[in-house]
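Notes for the one structure printed next.
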Amino acid sequence: MIIKAVKFRKDGFYSQPFVFGGEEGADKFDPNIRYRGSLQNYLIDTGTEVILVDTGLPAGTPEEAPDENSILYTGKDICTYMEALANLGYKPEQVTKILLTHKHSDHSGELKSFPNAQIFVNEEELSAAELQGIPNIVPVKFTNGAYYNFPESQKIAEGIYFIKAKGHTNGNSIIIVESDGLFYMLHGDITYVDEALYENKLSVVFDDIAAARETMDRVREFVRSHPTVYCGTHTPQGYENLEAKRVMDLDNPVPTVLAEVDFSDSKATGIYVCSICGYVYDPEEHEGTAFEELPDDWKCPRCKQPKEKFNKA
């Protein structure tokens, strides 16, 4: 079993209020503390199958142009998701299965590029706009019962499990891979950065805060009971943990390295991008209405997050 990171953005950041403020409120935390950000998804090569966990941003998604007030920034393009997959030596036609952690387009963006793959999706996500028009979806109903302390699971292949983990979205899921005595937890947005898992903090992005708390508690309990390599999507800690086979120790955090941020190169185009789901607001598609002219209570049409979650592109 080989697990690889499919890396497509780097040098981003996530502010402390964003990654810690879900329960206590963002105002309780320091906006000048910015943790390192990136974007990567994961690939599992079993020797007989190539299985993807999520499929990146859609090609053509514009880069953001953050400023001092931005609470998050997904980073600079390394390449497109499909180019990153090719750089690892894989072709789309080799992919047999895709396991979707949740609907947001930084996880589902290139699903349509894999017409031969079965796409496993928590059945509670099926109505999502991002998943419409995709014929090869397999609804996951979690018929295999409990997986350790997680009540609902679906076995996908030998040593690969799809785990219900509601909270970030109502259909959010985790993938756990058992290999060589380790448990690789490949997740979307249980946390955006590892510091949040160490500190037991929820981010400000959730569909169901009570479910997000329950999921966090179960993840921390699992990590304490099993040698777990914790592989996230939004921080380079995800692939650093994977490449080092680093087991998460909640009592001995890996020292934090803060993001190095330079706002001097930011150039705005009038287009704005939702940093949560990737929705692109282009004034030309909205009768010329500038983003700044939208009412303060306007929300992303796709993920319903407020204007502050958007960055200039």
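Here, each number is a calculation from the coordinates, and none is a lab measurement. Keep in mind it's a predicted model, so treat the numbers as computed, not measured. When we count neighbours, we look across all protein chains shown, and the Cβ atoms used for this are built from the backbone with ideal geometry, even at glycine.
Computed on alpha carbon atoms, what radius of gyration and Dmax characterise region 272-312, expressed in Å?
9.2, 24
List the extent of the Cα atoms of region 1-141 along each of their three principal axes, largest first, rounded to whole Å.
Taking max minus min along each principal axis of the Cα atoms, region 1-141 gives 47, 33, 30 Å.
Apply the Debye scattering formula to the chain, with a single equal point scatterer on each alpha-carbon and no solvent, then give log10 I(q)/I(0) at q = 0.10 Å⁻¹.
Rounded to two decimals, the profile gives -0.52.
I need the phi-derived Karplus couplings for region 288-301: 6.51 cos²θ - 1.76 cosθ + 1.60, θ = phi - 60°, integer Hz, Gly and Pro marked x.
x, 6, 5, 4, 5, 7, 5, x, 4, 8, 4, 10, 3, x
For the pair K10/T256, report the inter-label distance in nm, with labels modelled 7 Å from Cα in the Cβ direction.
Result for the modelled spin labels: 2.4 nm.
Given q = 0.29 Å⁻¹, what are the Debye log10 I(q)/I(0) values for region 225-272, with equal point scatterers placed on the Cα positions and solvent ignored?
Values returned for q = 0.29 Å⁻¹ are -1.18.
How far apart, in nm, are the 7 Å Cα→Cβ label points at T289 and S127?
So the two model labels end up 2.4 nm from each other.
What is the ratio of the Cα radius of gyration of region 161-313 to 2.2 N^0.38 Å, with N the residue count, to two decimals? Please report the intermediate quantities before stating the final value.
Details: Rg = 18.2 Å, N = 153, 2.2 N^0.38 = 14.9 Å.
So region 161-313 has a normalised radius of gyration of 1.22.
Measuring from label point to label point, each 7 Å out along Cα→Cβ, what is the N200 to D45 span in nm?
So the two model labels end up 4.0 nm from each other.
Identify which of P253, P227, P62 has the largest mean-square fluctuation in a Gaussian network model of the chain, with springs joining Cα atoms closer than 10 Å.
For the chain, modelled as a Gaussian network with Cα springs under 10 Å, the answer is P253.
Compare P151, P236, P17 in a GNM of the chain, Cα atoms joined below 10 Å, and give the one with the largest fluctuation.
Ranking P151, P236, P17 by mean-square fluctuation puts P151 first.
Return the subset of K91/K155; K4/K299; K28/K155 for which the Cα-Cα distance in this structure is over 29 Å, preserving the input order. Working shown, then result.
Details: K91/K155 25 Å; K4/K299 35 Å; K28/K155 40 Å.
Check vs 29 Å cut-off fails for K4/K299; K28/K155.
Fully extended, how many nm does the chain gain between E83 and A146 (0.36 nm per residue separation, minus their Cα-Cα distance)?
Residue separation times 0.36 nm, minus the Cα-Cα distance, leaves 19.0 nm.
Please list log₁₀ I(q)/I(0) at q = 0.11, 0.20, 0.23 Å⁻¹ for region 1-77, using the Debye equation with identical point scatterers on the alpha-carbon positions.
Result of the Debye calculation: -0.41, -0.89, -1.00.
For region 224-287 and region 65-131, what is the separation of their Cα centres, given in Å?
Centre-to-centre distance over Cα atoms comes out at 14 Å.
Among E49, E285, E214, which one moves the most in a GNM of the chain with springs linking Cα atoms closer than 10 Å?
E285
Can you give me the relative contact order of region 272-312 as a percent, contacts being Cα pairs under 8 Å and 6 or more apart?
Details: 42 pairs, mean separation 20.0, N = 41.
Reported relative contact order: 49 percent.
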